1. Suppose we keep only residues that are without any contact (Cβ under 8 Å) to a residue 60 or more places away in the chain and within 19 Å of residue 172 (Cα to Cα) within segment 93-108. Which one would you say is surrounded by the fewest Cβ atoms within 10 Å (Cβ to Cβ)?
2. Taking the condition of being touching a His at 6+ places or on another chain (Cβ under 6 Å) and among the basic types (Lys, Arg), how many residues in segment 172-205 meet it?
3. Determine which member of the set 126, 136 is exposed (fewer than 14 other Cβ atoms within 10 Å of the Cβ), closer than 25 Å to residue 196 by Cα, out of contact with any Ser or Thr (no Cβ under 9 Å at 6 or more places or on another chain) and not small (Gly, Ala, Ser).
4. Hey, which of the strands (runs of 3 or more DSSP E) in segment 71-176, taking only ones fully inside, have at least 1 residues that are out of contact with any helix residue (DSSP H, G or I) (no Cβ under 7 Å at 6 or more places or on another chain) and under 25 Å from residue 187 (Cβ atoms)?
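Computed from the coordinates by the stated procedures, all read-outs in this text should not be read as laboratory data. These numbers were taken from a predicted model, which means no experiment stands behind them. Heads up, the Cβs are rebuilt from the backbone with ideal geometry, glycines too, and the neighbour counts pull from every protein chain shown.
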Amino acid sequence: MRKYNELATDTQAVMKLAPPVDFYDLTKIPSAFDSVTIQQRIYYDEVYTNLLILRAFIEASGGLDEVEADNILNFLKSNLRKALFFEPEQEKVVQNAIESLLIGKGMQKGLAYDRETGRVKHAGKESVPDFVFKNEHMVLEVKLCNRQGKLAEIIDEMNADIVAYSTVYERVWFLIYDIGFIRDEDEIIKGLQQSERVKCAIVKH
């Protein structure tokens with residue numbers, strides 16, 4: 001029951017639990033020494049049933065995909081700076097560092113992710129995402145802010161990316177590597193994340 005409570009609590013922290021999933025007050029549950037076999041069986045059946053309901057809800061709502069997609073973005077946000085020893089001058093350098101981190105995490109290209117594949121056509125324009133995570137129904141676009149005035153260009157690019165990639169993928173994630181030209185990170189992130197389908201992380205050099 002303790003482990004079930006932990007699972008349900010962790011799930012509730014990342015997504016809204018709509019089904020009738022129970023939580024157990026362990027202080028009111030008798031120990032194995034203070035209960036008979038039939039009581040223990042009833043508790044087991046109740047927890048097992050709740051676990052099945054919880055699993056079915058998560059799978060039906062795509063919750064596992066969403067959690068894993070968030071994990072990927074958070075992992076890159078936490079480790080990308082350490083993977084870049086010198087100030088990058090091109091986005092390709094940042095992309096290469098990201099791919100090295102993904103490989104180091106045990107993710108295999110062609111299975112867990114792809115790079116610069118999956119062309120998307122929209123409004124007469126063809127776009128190719130930097131990274132595609134098919135299992136998470138997600139694309140990751142990498143941006144490098146390395147000069148004055150570049151941020152405005154990046155925002156325009158990202159808005160166009162959102163429109164194009166949202167026609168094919170459930171999630172459009174962005175990672176901006178900033179060399180020191182972004183002052184208000186929260187304003188940028190809040191401006192982009194108007195939908196749960198769009199998320200952005202900013203990494204400072």
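1. Quick first cut of segment 93-108, residues without any contact (Cβ under 8 Å) to a residue 60 or more places away in the chain only: 93, 95-97, 99-108.
Filter once more, so that each one left must be within 19 Å of residue 172 (Cα to Cα): 95, 99, 102.
On the way: 95: 21, 99: 17, 102: 21.
Here the answer is 99.
2. Filtering segment 172-205 down to residues touching a His at 6+ places or on another chain (Cβ under 6 Å) leaves 179.
Remaining after also requiring among the basic types (Lys, Arg): none.
Result for segment 172-205: 0.
3. Numbers: 136 fails: exposed (fewer than 14 other Cβ atoms within 10 Å of the Cβ).
Sole residue among the options that is exposed (fewer than 14 other Cβ atoms within 10 Å of the Cβ), closer than 25 Å to residue 196 by Cα, out of contact with any Ser or Thr (no Cβ under 9 Å at 6 or more places or on another chain) and not small (Gly, Ala, Ser): 126.
4. Working: elements: 120-122, 125-127, 131-133, 138-145.
Where strands (runs of 3 or more DSSP E) fall fully within segment 71-176 and carry at least 1 residues being out of contact with any helix residue (DSSP H, G or I) (no Cβ under 7 Å at 6 or more places or on another chain) and under 25 Å from residue 187 (Cβ atoms), they are 138-145.
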